[in-house]
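Below is one structure, written out as structure tokens; the observations come after it.
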């Protein structure tokens, strides 16, 4: 078996990952809204929007910053292309939590 596993539609190959990830997001959002109906939420929608925006910006900055710090020899000749291509999930989670909590 060859990885990544793909499937064909009209001769075009697609990754199963796209389908499964999209289903995970849709199911996750539906479960969230179903469970949210049962709880009296102390956070207003506007506050939630700012927290989410802060977490997204923190994840963007954190993922790039930690990835660049992992390769200190690249710091002297960093370009936008290198910064754009460098990402880490750990940095994204850390940045999102830190920046999101401060909003």
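The values are calculated or read from the model by the stated rules, or taken from the named source; none is laboratory data. What you see is a predicted model; the values in this text were computed from it and never measured. Cβ atoms come from the backbone with ideal geometry, glycine included; neighbour counts cover every protein chain shown.
For region 45-70, enumerate the residues that are over 30 Å from residue 33 (Cα atoms) and touching a residue at least 12 places away in the same chain (Cβ under 8 Å).
Listed by number, the residues that qualify are 64, 65, 66, 67, 68, 70.
Within region 57-78, is there a residue that is surrounded by 10 or more Cβ atoms within 10 Å (Cβ to Cβ), farther than 22 Å from residue 100 by Cβ and not assigned by TED's automatic domain parsing to the domain that holds residue 91?
Looking for residues that are surrounded by 10 or more Cβ atoms within 10 Å (Cβ to Cβ), farther than 22 Å from residue 100 by Cβ and not assigned by TED's automatic domain parsing to the domain that holds residue 91, one finds none in region 57-78, hence no.
Which one of 18, 14 is surrounded by fewer than 12 Cβ atoms within 10 Å (Cβ to Cβ), modelled with pLDDT under 85 and within 15 Å of the chain's Cα centre (by Cα)?
None of the others qualify; the one that does is 18.
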